[in-house]
Amino acid sequence: MSVCVVGKNKAAFMDACANAGGLGMKLTDSLDGAAGVIVVCDLVEGITIEEETELRRALQAGARAAIFVDNLDKAMEKTDPEGVYQACARAIDNVNVILCMYCSPSTGDLQVYPNFKGGVAFGSASQGWGFTVRHFGKMYAKKMGVNEKSLCDRLWGDNFFWAENKRWVVEASPRGVSRPLPRAFCQFIMYPIVQLSQAILTNNSRYEQMLTAMNISLSTSDQGLTGQALLTRVMQTWMANDHLSLLLAP
(Lines give C-alpha, C1' and ligand atoms only; values in the text may rest on other atoms or scores of the structure.)
Protein backbone atom coordinates (compact mmCIF):
# COMPACT_ATOMS: atom_id res chain seq x y z
CA MET A 1 0.00 0.00 0.00
CA SER A 2 1.20 3.49 -0.86
CA VAL A 3 0.94 6.25 1.77
CA CYS A 4 1.56 9.91 0.95
CA VAL A 5 3.40 12.10 3.47
CA VAL A 6 2.74 15.85 3.48
CA GLY A 7 4.22 18.68 5.54
CA LYS A 8 7.40 20.73 5.58
CA ASN A 9 9.18 18.07 7.64
CA LYS A 10 8.02 15.17 5.47
CA ALA A 11 11.56 14.37 4.29
CA ALA A 12 12.81 13.93 7.87
CA PHE A 13 9.77 11.81 8.73
CA MET A 14 10.26 9.56 5.71
CA ASP A 15 13.97 9.18 6.48
CA ALA A 16 13.18 8.22 10.08
CA CYS A 17 10.68 5.60 8.90
CA ALA A 18 13.17 4.22 6.39
CA ASN A 19 15.89 3.97 9.04
CA ALA A 20 13.54 2.27 11.50
CA GLY A 21 12.55 -0.38 8.96
CA GLY A 22 9.76 -2.91 9.24
CA LEU A 23 7.13 -0.64 7.76
CA GLY A 24 5.73 -3.01 5.16
CA MET A 25 4.32 -0.24 2.98
CA LYS A 26 5.58 2.45 0.64
CA LEU A 27 5.91 6.06 1.78
CA THR A 28 5.83 8.67 -0.96
CA ASP A 29 5.43 12.42 -1.40
CA SER A 30 2.98 11.88 -4.26
CA LEU A 31 -0.79 11.71 -3.85
CA ASP A 32 -1.19 9.63 -7.01
CA GLY A 33 -2.65 6.26 -6.06
CA ALA A 34 -2.09 6.79 -2.33
CA ALA A 35 -4.46 4.89 -0.05
CA GLY A 36 -3.57 7.03 2.95
CA VAL A 37 -2.02 10.36 3.86
CA ILE A 38 0.17 11.28 6.83
CA VAL A 39 0.16 14.95 7.80
CA VAL A 40 3.43 15.88 9.53
CA CYS A 41 2.06 18.82 11.50
CA ASP A 42 4.33 21.28 13.31
CA LEU A 43 3.21 21.47 16.94
CA VAL A 44 3.88 25.20 17.19
CA GLU A 45 2.76 26.41 13.76
CA GLY A 46 -0.11 23.97 13.29
CA ILE A 47 -1.32 22.87 9.87
CA THR A 48 -0.29 25.28 7.11
CA ILE A 49 -2.35 26.36 4.12
CA GLU A 50 -0.20 24.21 1.82
CA GLU A 51 -0.62 21.16 4.05
CA GLU A 52 -4.36 21.75 4.29
CA THR A 53 -4.60 21.94 0.49
CA GLU A 54 -2.73 18.65 0.07
CA LEU A 55 -4.84 17.02 2.77
CA ARG A 56 -8.06 18.09 1.05
CA ARG A 57 -6.81 16.71 -2.27
CA ALA A 58 -6.02 13.38 -0.63
CA LEU A 59 -9.43 13.19 1.04
CA GLN A 60 -11.18 14.00 -2.23
CA ALA A 61 -9.29 11.07 -3.77
CA GLY A 62 -10.59 8.75 -1.05
CA ALA A 63 -7.41 8.46 1.05
CA ARG A 64 -7.65 8.09 4.82
CA ALA A 65 -5.66 10.46 7.01
CA ALA A 66 -3.39 10.22 10.02
CA ILE A 67 -1.38 12.91 11.77
CA PHE A 68 2.15 13.03 13.17
CA VAL A 69 2.38 15.92 15.66
CA ASP A 70 5.96 17.01 15.09
CA ASN A 71 8.60 18.95 17.04
CA LEU A 72 7.52 17.74 20.46
CA ASP A 73 11.16 18.09 21.52
CA LYS A 74 11.15 21.82 20.76
CA ALA A 75 7.82 22.36 22.50
CA MET A 76 9.17 20.68 25.64
CA GLU A 77 11.93 23.29 25.77
CA LYS A 78 9.47 26.18 25.67
CA THR A 79 6.53 25.13 27.82
CA ASP A 80 5.41 22.75 30.56
CA PRO A 81 3.66 19.40 29.96
CA GLU A 82 0.19 20.94 30.20
CA GLY A 83 1.20 23.53 27.60
CA VAL A 84 2.43 20.73 25.34
CA TYR A 85 -0.89 18.91 25.76
CA GLN A 86 -2.90 22.01 24.87
CA ALA A 87 -0.78 22.65 21.77
CA CYS A 88 -1.20 19.02 20.67
CA ALA A 89 -4.95 19.18 21.23
CA ARG A 90 -5.24 22.33 19.10
CA ALA A 91 -3.22 20.78 16.26
CA ILE A 92 -5.38 17.64 16.26
CA ASP A 93 -8.63 19.61 16.50
CA ASN A 94 -7.63 21.77 13.52
CA VAL A 95 -7.02 18.69 11.39
CA ASN A 96 -10.26 17.08 12.51
CA VAL A 97 -12.24 20.16 11.49
CA ILE A 98 -11.07 19.50 7.93
CA LEU A 99 -11.66 15.75 8.13
CA CYS A 100 -15.23 16.23 9.34
CA MET A 101 -16.07 18.04 6.10
CA TYR A 102 -15.46 14.81 4.19
CA CYS A 103 -17.34 12.42 6.48
CA SER A 104 -20.40 10.72 5.01
CA PRO A 105 -22.42 7.55 5.57
CA SER A 106 -20.23 5.80 3.01
CA THR A 107 -16.88 6.92 4.46
CA GLY A 108 -17.79 6.68 8.12
CA ASP A 109 -15.84 8.65 10.70
CA LEU A 110 -12.66 10.05 9.14
CA GLN A 111 -11.44 11.86 12.23
CA VAL A 112 -8.19 10.94 13.99
CA TYR A 113 -7.98 10.18 17.70
CA PRO A 114 -5.05 10.19 20.13
CA ASN A 115 -6.60 7.44 22.25
CA PHE A 116 -7.19 3.76 21.48
CA LYS A 117 -8.95 4.48 18.16
CA GLY A 118 -5.66 5.74 16.74
CA GLY A 119 -4.57 7.87 13.84
CA VAL A 120 -2.35 10.22 15.87
CA ALA A 121 1.31 10.02 16.86
CA PHE A 122 3.62 12.50 18.55
CA GLY A 123 7.36 12.97 18.33
CA SER A 124 10.29 14.51 16.53
CA ALA A 125 10.78 13.72 12.85
CA SER A 126 14.23 15.32 12.81
CA GLN A 127 15.40 13.19 15.76
CA GLY A 128 13.76 10.03 14.45
CA TRP A 129 11.45 9.08 17.30
CA GLY A 130 7.74 9.07 17.97
CA PHE A 131 5.01 7.44 20.01
CA THR A 132 1.28 6.93 20.25
CA VAL A 133 -0.84 7.11 23.38
CA ARG A 134 -1.40 3.40 22.88
CA HIS A 135 2.37 2.84 23.28
CA PHE A 136 2.08 4.02 26.88
CA GLY A 137 -1.37 2.55 27.43
CA LYS A 138 -0.08 -0.91 26.58
CA MET A 139 2.92 -0.47 28.88
CA TYR A 140 0.89 0.76 31.87
CA ALA A 141 -1.95 -1.71 31.33
CA LYS A 142 0.53 -4.57 31.64
CA LYS A 143 2.03 -3.11 34.82
CA MET A 144 -1.33 -2.32 36.43
CA GLY A 145 -3.17 -5.39 35.22
CA VAL A 146 -5.98 -3.34 33.69
CA ASN A 147 -7.75 -3.19 30.32
CA GLU A 148 -5.58 -1.55 27.66
CA LYS A 149 -8.42 0.16 25.79
CA SER A 150 -10.00 1.77 28.84
CA LEU A 151 -6.61 2.99 30.05
CA CYS A 152 -5.70 4.43 26.64
CA ASP A 153 -8.95 6.37 26.58
CA ARG A 154 -8.06 7.87 29.97
CA LEU A 155 -4.61 8.98 28.83
CA TRP A 156 -6.12 11.74 26.71
CA GLY A 157 -8.64 14.47 27.44
CA ASP A 158 -9.93 15.64 30.82
CA ASN A 159 -8.90 12.63 32.86
CA PHE A 160 -6.93 12.79 36.11
CA PHE A 161 -5.68 10.05 38.42
CA TRP A 162 -6.23 10.73 42.11
CA ALA A 163 -3.42 8.63 43.53
CA GLU A 164 -4.40 9.16 47.17
CA ASN A 165 -7.82 7.63 46.56
CA LYS A 166 -6.65 5.41 43.70
CA ARG A 167 -9.43 6.48 41.38
CA TRP A 168 -9.96 8.39 38.16
CA VAL A 169 -11.72 11.75 38.09
CA VAL A 170 -12.65 14.16 35.29
CA GLU A 171 -11.56 17.40 36.94
CA ALA A 172 -8.22 18.63 38.21
CA SER A 173 -9.51 19.87 41.56
CA PRO A 174 -12.24 17.62 42.96
CA ARG A 175 -13.36 18.22 46.54
CA GLY A 176 -10.73 16.98 48.98
CA VAL A 177 -7.69 17.51 46.75
CA SER A 178 -5.04 19.73 48.34
CA ARG A 179 -3.60 20.85 44.99
CA PRO A 180 -4.67 20.43 41.35
CA LEU A 181 -4.03 17.00 39.86
CA PRO A 182 -1.95 16.74 36.68
CA ARG A 183 -3.74 15.61 33.54
CA ALA A 184 -3.21 11.89 32.86
CA PHE A 185 -1.44 12.61 29.55
CA CYS A 186 1.01 14.80 31.47
CA GLN A 187 1.42 12.51 34.46
CA PHE A 188 1.87 9.22 32.65
CA ILE A 189 3.39 10.30 29.33
CA MET A 190 4.95 13.75 29.38
CA TYR A 191 6.44 13.62 32.89
CA PRO A 192 8.49 10.44 32.23
CA ILE A 193 9.77 11.88 28.94
CA VAL A 194 10.68 15.22 30.53
CA GLN A 195 12.31 13.62 33.57
CA LEU A 196 14.39 11.27 31.44
CA SER A 197 15.39 14.10 29.10
CA GLN A 198 16.47 16.37 31.95
CA ALA A 199 18.44 13.60 33.66
CA ILE A 200 20.36 12.82 30.48
CA LEU A 201 21.02 16.43 29.48
CA THR A 202 22.28 17.32 32.98
CA ASN A 203 24.33 14.11 33.17
CA ASN A 204 22.44 12.99 36.25
CA SER A 205 23.33 9.35 36.92
CA ARG A 206 19.67 8.74 37.81
CA TYR A 207 18.95 8.32 34.10
CA GLU A 208 20.69 4.92 34.17
CA GLN A 209 18.19 3.68 36.75
CA MET A 210 15.36 5.10 34.65
CA LEU A 211 16.60 3.24 31.56
CA THR A 212 16.67 0.00 33.53
CA ALA A 213 13.14 0.57 34.85
CA MET A 214 11.94 1.21 31.29
CA ASN A 215 13.76 -1.85 29.90
CA ILE A 216 15.80 0.33 27.55
CA SER A 217 19.09 -1.31 26.57
CA LEU A 218 21.81 0.57 24.71
CA SER A 219 24.60 -0.94 22.64
CA THR A 220 28.17 -0.68 23.90
CA SER A 221 28.95 2.10 21.43
CA ASP A 222 25.82 4.05 22.36
CA GLN A 223 26.73 3.93 26.04
CA GLY A 224 29.62 6.26 25.26
CA LEU A 225 27.30 9.01 24.02
CA THR A 226 26.46 12.04 26.15
CA GLY A 227 24.08 14.99 26.11
CA GLN A 228 21.74 15.47 23.17
CA ALA A 229 23.32 12.64 21.17
CA LEU A 230 22.59 10.20 23.99
CA LEU A 231 19.06 11.53 24.47
CA THR A 232 18.27 11.15 20.78
CA ARG A 233 19.53 7.56 20.73
CA VAL A 234 17.61 6.70 23.90
CA MET A 235 14.40 8.09 22.45
CA GLN A 236 14.96 6.22 19.18
CA THR A 237 15.50 2.99 21.12
CA TRP A 238 12.55 3.52 23.44
CA MET A 239 10.13 4.58 20.71
CA ALA A 240 11.78 3.24 17.58
CA ASN A 241 8.86 1.92 15.55
CA ASP A 242 5.83 2.93 17.53
CA HIS A 243 4.87 6.02 15.56
CA LEU A 244 4.58 3.83 12.46
CA SER A 245 1.62 2.05 14.00
CA LEU A 246 -0.64 4.97 13.12
CA LEU A 247 -0.21 4.00 9.47
CA LEU A 248 -1.69 0.61 10.20
CA ALA A 249 -4.76 1.86 12.07
CA PRO A 250 -8.03 0.72 10.46
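The values are calculated or read from the model by the stated rules, or taken from the named source; none is laboratory data. Note that the structure is a prediction, hence the values are computed from the model and not measured. Quick reminder, even Gly has a Cβ in these numbers, built from the backbone with ideal geometry, and neighbours come from all protein chains shown.
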Notebook entry, point to check: Taking the stated definitions as given, is Phe188 surrounded by 14 or more Cβ atoms within 10 Å (Cβ to Cβ) and at pLDDT 90 or above?
Noted result: yes
Notebook entry, point to check: Given the residues Gly33, Gly62, Gly7, Gly46, which is the only one that is surrounded by fewer than 21 Cβ atoms within 10 Å (Cβ to Cβ) and within 17 Å of Phe122 (Cβ to Cβ)?
Noted result: Gly46
Check: Yes or no: Met239 at pLDDT below 95, among the aliphatic types (A, V, I, L, M), closer than 19 Å to Ser126 by Cβ and surrounded by 14 or more Cβ atoms within 10 Å (Cβ to Cβ)?
Finding: yes
Next item on the list: Look through Ala141, Ala87, Ala121 and report the one residue that is farther than 18 Å from Arg183 by Cα and either in a loop (DSSP other than H, G, I, E, B) or small (Gly, Ala, Ser) (or both).
Entry: Ala121
Margin query: Against the definition (of a type in the set (Val, Ile, Thr), outside any strand (DSSP E or B) and under 24 Å from Trp238 (Cα atoms)), how does Val146 come out, yes or no?
Written below: yes
Item checked: Every residue from the stretch 78-125 that is touching a strand residue (DSSP E or B) at 6+ places or on another chain (Cβ under 9 Å), at pLDDT 90 or above, polar (S, T, N, Q) and surrounded by fewer than 21 Cβ atoms within 10 Å (Cβ to Cβ) -> Asn94, Asn96, Gln111
Item checked: Options Ser173, Ser178, Ser126; residue that is outside any helix (DSSP H, G or I), hydroxyl-bearing (Ser, Thr, Tyr) and touching a helix residue (DSSP H, G or I) at 6+ places or on another chain (Cβ under 8 Å) -> Ser126
